Amino acid sequence: MHNIQPWWKTGVIYEVYVRSFQDSNGDGIGDLAGLTQRVPYLAGLGIDAIWISPFYQSPMRDFGYDISDYCAIEPIFGTLDDFDRLVATAHAHSLKVILDFVPNHTSDQHPWFVAARARRDSPKRDWYGWHEPGEDGGPPNNWLSIFGGSAWEYDTCTNQYYLHTFLKEQPDLNWRNPGVKAAMFDTMRFWLDRGVDGFRVDVIYALLKDDFFRDDPTNLKFRPGDNPYESLRHDNSLESPDVHDLLREMRELLDSYDGERVLIGETFHLSTLERFVSYYGKNLDECHLPFNFQLIMRAWDAQTIRAFVEEYEQVLPIGAWPNWVLSNHDQHRIATRAGSLAQAKLAQMLLLTLRGTPTCYYGDELGMSNVPIALEDERDPFGIRVPGQGRDPERTPMLWDSTPYAGFSTVKPWLPLTDGWQDLNVAAQQAEATSILTLFRALVALRRALPTLHIGSYATFACTPSSVFAYLREHGGERVLIVLQFGAEPCVIDTAVLGVRGEVLLSTYLDRIGSIPLDQIQLRAHEGLIVRLA
Ligand code: GLC
Ligand code: CA
């Protein structure tokens, strides 16, 4: 059947944290040329698109999310020629390339901020969020930085405060200034003209703030021991409603290019599910995919996840396309959250069979878990400022083979390798018929082969025990049942209402296919099955 859906609906997205994927020049840090070398591996996984973490010129205070030139490549990562080669190689392997666009803030070393900071009457002054001190001489209001402390930094050069939602080295741009918008849209054009297939837009919900800079209200659900940032509700510092006008313009810019360029929004600290889906736009004219992080936020439990999937399916605007994320460079890895390799396998089956575009995180296909980092070895500024919030554990080097440093580099990498990397690496798992890597490839291939899995409808299949989450995908008369045993007990499921026999297409154990009776489907500990119904 001819597939007329856009690639970002039917495809699988894979996030590459470029610092940790492949080092090509022996400095212990991943780079663009290294990533280019690994394109055949990525194409071989069967995925459709790579989203690459920021590689622009940066002082690296937040490892590339602090940009000092949006149109230049940070020398650690390579050159513009390396970038062009990467895009050409990816496209030659039918992989789309999605860039990470970071519009909320620049680096404090960006020439715009350097100019803005120098004088109150600088033409760039209003490009950032400058404010007089509050009545007591302190910060203008109570807004907090996501990375700890006040969101305001007093600048003795001109005796005003400036706003920074993240580090003080990441001053927030003022998107209400038309010059900012024009300049930033130009940077998007720069990359679109170079052939990129879309953007993942960083903290899209934070681009505009309350025009009157009103205080954020207290969060009554806050408990001692929670991240102090959660002590307030961020009604005024984030999620200003007029951000939607801006996103429509961003989307128009992408739509003015040929070839289905995608707009993905990082939609994280959102207060409600309704707010979250509003990022699709009233006429589906904003983000194609506002990232859905609920598999990360909610407990790893069959009924919790079932309930959310149903809620999401209910609340999605008509025509809005769902999407799912299991892990990323800011969150603990799924293998760690789910607790075992068997559950990590189950999680991949969930991610790759739910209705909607899946985003995978590099290394999750190997079942990589968080790598514990001692406090004194911590590199992530978030973890250094707010104990317990460090993101280094999920950013460790990709494991390629059993040569020293796992084939990632020829020298000691910038972050340590996962324990047990000698068995977990790609080369080792490739040779193993029942590895999670083999399962990942089989899942992606099946998802591609069966339109039911990539565009079919979703319906929960109610069954017992409660540790099982089961659902039906259906398309053009084909019905596929997915049954996932989250629990550690073997169990039997009765699906007789669906027919007499079904055909197992895949088990997370990778050891059985073929006909089974539907009145008693046997599941082992943490087993997931994909069953085609007659
Ligand atoms: C986003 C990124 C995160 C970064 C922050 C500031 O949340 O995913 O890694 O630190 O924005 O840019
Ligand atoms: Ca390197």
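Some points to look at:
- Looking at region 1-75, the strands (runs of 3 or more DSSP E) lying wholly inside it that each contain 2 or more residues that are more than 14 Å from ligand 1 (Cβ to nearest atom) and out of contact with any helix residue (DSSP H, G or I) (no Cβ under 7 Å at 6 or more places or on another chain) sit at 69-73.
- Flag not set for Phe213, criterion: aromatic (Phe, Trp, Tyr), at pLDDT 95 or above and within 16 Å of ligand 1 (Cβ to nearest atom).
- Residues that are within 30 Å of Val444 (Cα to Cα), under 20 Å from the mean Cα position of the chain (by Cα) and open to solvent by 10 Å² or more (accessible area, probe 1.4 Å) within region 42-86 comprise Ala43, Gly46, Asp48, listed in sequence order.
- Among strands (runs of 3 or more DSSP E) entirely within region 456-534, having at least 3 residues that are hydroxyl-bearing (Ser, Thr, Tyr) and buried (at least 21 other Cβ atoms within 10 Å of the Cβ) singles out no element at all.
- Close Cβ contacts (under 7 Å, 6 or more residues apart or on different chains) running from residues in region 328-343 that are under 16 Å from Tyr362 (Cα atoms) to residues that are in a loop (DSSP other than H, G, I, E, B) and within 16 Å of ligand 2 (Cβ to nearest atom) comprise His329/Tyr17; His329/Ser53; His329/Arg395.
- Residue-level check: of (1) within 21 Å of the chain's Cα centre (by Cα); (2) within 16 Å of ligand 1 (Cβ to nearest atom), Ala299 misses just (2).
- Yes/no for Leu99 being open to solvent by 10 Å² or more (accessible area, probe 1.4 Å) and out of contact with any Asp or Glu (no Cβ under 7 Å at 6 or more places or on another chain): no
- Subset tally (residues that are touching a residue at least 24 places away in the same chain (Cβ under 8 Å) and open to solvent by less than 30 Å² (accessible area, probe 1.4 Å)) for region 371-402: 14
- Taken as a whole, region 171-193 holds no residue that is within 20 Å of Ile264 (Cβ to Cβ), part of a strand (DSSP E or B), assigned by TED's automatic domain parsing to the domain that holds Tyr257 and within 22 Å of the chain's Cα centre (by Cα).
- Meets criteria (touching a residue at least 40 places away in the same chain (Cβ under 8 Å), surrounded by fewer than 22 Cβ atoms within 10 Å (Cβ to Cβ) and out of contact with any helix residue (DSSP H, G or I) (no Cβ under 6 Å at 6 or more places or on another chain)) for Asp197: no
The values are calculated or read from the model by the stated rules, or taken from the named source; none is laboratory data. Since this is a predicted model, take the numbers as computed values, not measurements. Glycine gets a Cβ as well: all are built from the backbone with ideal geometry, and neighbour counts include every protein chain shown. Ligands, DNA and RNA are stripped out before the accessible areas are found, and what is left, the full protein with its side chains, is counted by its heavy atoms. Shrake-Rupley method; radii C 1.70, N 1.55, O 1.52, S 1.80 Å.
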